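The values are calculated or read from the model by the stated rules, or taken from the named source; none is laboratory data. Predicted, not measured: the structure shown is a model, and the values here were computed from it. Ideal geometry is used to build each Cβ from the backbone, glycine not excepted, and the neighbour counts take in all protein chains shown.
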Amino acid sequence: MTAADAPLRIAIVAGEESGDLLGADLVRALAAKSRRSVELTGVGGRHLQELGLKPLFDPGDIALMGLMAVLKDLPRLVKRIGQTARFVADQKPDCLITIDGPDFTLRVAKKVRSLAPSIPIVHYVCPSVWAWRPGRAPAMRPHVDRVLCLLPFEPAALKRLGGPPGTYVGHRLSNDPGVVAASKAQSANRDLSPDREKTLLLLPGSRRGEVRGLIDVFAKTATILGERGHRLRLLLPTVPHVAGLVKEAVAHWTHKPDVIVDPAGKWRAFGEADAALIASGTVSLELALSGVPMVSCYRVEPVMRPAQRFITVWSAALPNLIADRPVVPEFYDPYVKPENLARQLEALMSDSGMRAWQKDGFAEVRRRMATDRPAGELAADAVIETIATHRG
């Protein structure tokens with residue numbers, strides 16, 4: 001068997017569902033690009049397992065690893081890190097690909113580099129070094145050969161901060177069928193006359209603390225809009241693990257929202273919405289790509305307030321960072337006032353300059369995030385190039 005016929009041997013470490021999906025997409029593209037079969041080892045979920053991965057252990061063991069979770073369960077995680085790194089080093093794959101979950105995966109990468117320096121290492125999903133703890137960028141450089149970035153500004157940020165080379169491969173949301181359908185619906189002509197009933201999306205977050213901190217503010221905002229003469233249809237898409245909390249919270253509202261849990265219903269709601277009131281997060285990018293005007297707000301949980309001084313980024317809204325201008329208005333802590341939010345939304349639900357400004361900004365976000373090929377193909381090219389360079 002010649003080298004060209006031999007399987008491409010890839011070690012992969014992915015804990016969360018989102019990383020598992022990214023990894024499976026990349027592996028399929030690697031097989032197509034290299035015209036070789038791909039043998040997988042490491043850790044991954046059901047999508048990678050469908051492609052032949054037999055995981056070293058349950059990927060749930062390393063999913064959702066925030067800093068506090070790492071500290072709480074440190075002895076077990078240290079054992080898993082060592083186990084994974086030794087296994088990868090013994091396997092001697094053509095490349096190690098670590099995906100997201102940097103508190104675990106980058107520690108594996110560092111140990112693999114010390115055990116087996118000849119193995120090229122690619123990390124998929126840039127840690128948010130551009131937002132906080134920028135020292136993580138140069139710390140990655142000795143043991144990560146390439147970072148595959150989901151956001152277009154991240155390669156330049158890595159270079160500025162002294163990190164490993166970054167390659168922008170695109171974000172899955174750009175071509176997500178739900179986003180595409182919602183964007184098509186939003187591009188149609190819309191009646192924004194004052195007497196028409198408006199559809200307002202309420203998105204109070206996916207964590208229990210977020211929901212508790214914002215749900216009453218959202219209720220008061222909707223009430224104020226009603227008092228100012230607006231007829232509203234309220235839609236509240238949420239996720240299963242906080243659905244019970246949301247339903248309990250809205251039960252006493254005078255004007256109750258429709259609580260939506262299924263993903264298809266969420267994207268229909270995105271297509272129908274005239275505006276959205278949201279908790280700051282990835283949903284801002286979903287809405288921007290869908291073309292839904294929004295107001296973003298956030299209340300920092302007390303335990304996290306000391307960490308605010310380490311934040312280095314000028315905005316927390318991804319559409320603002322990508323467009324490099326203030327597209328989405330943001331309100332934090334004492335500035336999260338229902339009276340203000342209601343008036344911001346009032347402007348967005350009319351044929352106003354503010355609405356036009358956001359729509360123009362969203363077009364810039366889509367332009368900057370566009371790629372000539374799917375993310376998996378671009379990621380595969382970067383992996384193949386990294387393997388060749390490391391060997392060379």
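Quick notes on this one:
- Answer residue from the range 335-351, given it is of a type in the set (Asp, Glu) and either part of a helix (DSSP H, G or I) or not assigned by TED's automatic domain parsing to the domain that holds Leu225 (or both) and is nearest to Leu192 (Cα to Cα) among those: Glu346
Results for (1) in contact with a Lys or Arg (Cβ under 6 Å, 6 or more places away or on another chain); (2) surrounded by fewer than 23 Cβ atoms within 10 Å (Cβ to Cβ), shown as yes or no for each residue.
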| residue | (1), (2) |
| --- | --- |
| Ile97 | no, no |
| Leu106 | no, yes |
| Val122 | yes, no |
| Leu148 | no, no |
| Glu154 | no, no |
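- Flag for Val336 being in contact (Cβ under 8 Å) with a residue 12 or more places away in the chain and out of contact with any Lys or Arg (no Cβ under 9 Å at 6 or more places or on another chain): no
- For the range 323-334, the criterion of being modelled with pLDDT under 95 and in a helix (DSSP H, G or I) is met by at least one residue.
- Unmet requirement for Tyr298, which otherwise passes all of (1) modelled with pLDDT of 95 or more; (2) closer than 24 Å to Ala219 by Cβ: (1)
- The single condition from (1) under 27 Å from Asp145 (Cβ atoms); (2) in contact with a strand residue (DSSP E or B) (Cβ under 9 Å, 6 or more places away or on another chain) that Arg172 fails is (2).
- Residue match in the range 346-368 (condition: touching a Ser or Thr at 6+ places or on another chain (Cβ under 7 Å), of a type in the set (A, V, I, L, M, F, W, C) and crowded, with 16+ Cβ neighbours inside 10 Å): no
- The residue that is modelled with the lowest pLDDT, counting only those in the range 359-392 that are β-branched (Val, Ile, Thr) and assigned to a helix (DSSP H, G or I), is Thr389.
- Within the range 118-149, the set of residues being farther than 24 Å from Pro93 by Cβ, outside any helix (DSSP H, G or I) and either at pLDDT 95 or above or of a type outside the set (D, E, K, R) (or both) comprises Ser128, Val129, Trp130, Ala131, Trp132, Pro134, Gly135.
- Filtered by the rule that a residue be at pLDDT 90 or above, touching a helix residue (DSSP H, G or I) at 6+ places or on another chain (Cβ under 9 Å) and assigned to a helix (DSSP H, G or I), the range 181-213 gives Ala181, Ala182, Ser183, Lys184, Ala185, Gln186, Val211, Arg212.
- Close pairs from the range 179-192: first of a type in the set (Ser, Thr, Tyr), partner at pLDDT 95 or above and in a helix (DSSP H, G or I), Cβ under 6 Å, at least 6 apart: Ser183/Ser290
- Selection count where residues are within 16 Å of Val259 (Cβ to Cβ) and surrounded by fewer than 18 Cβ atoms within 10 Å (Cβ to Cβ), scope the range 217-232: 0
- Out of Pro120, Pro93, sole residue that is in contact (Cβ under 8 Å) with a residue 40 or more places away in the chain and closer than 13 Å to Gly42 by Cβ: Pro93
- Selection within the range 245-281 - assigned to a strand (DSSP E or B) and aliphatic (A, V, I, L, M): Val259, Ile260, Ala275, Ala276, Leu277, Ile278, Ala279
- Leu225 under 21 Å from Tyr298 (Cβ atoms) and either aromatic (Phe, Trp, Tyr) or in a strand (DSSP E or B) (or both): no
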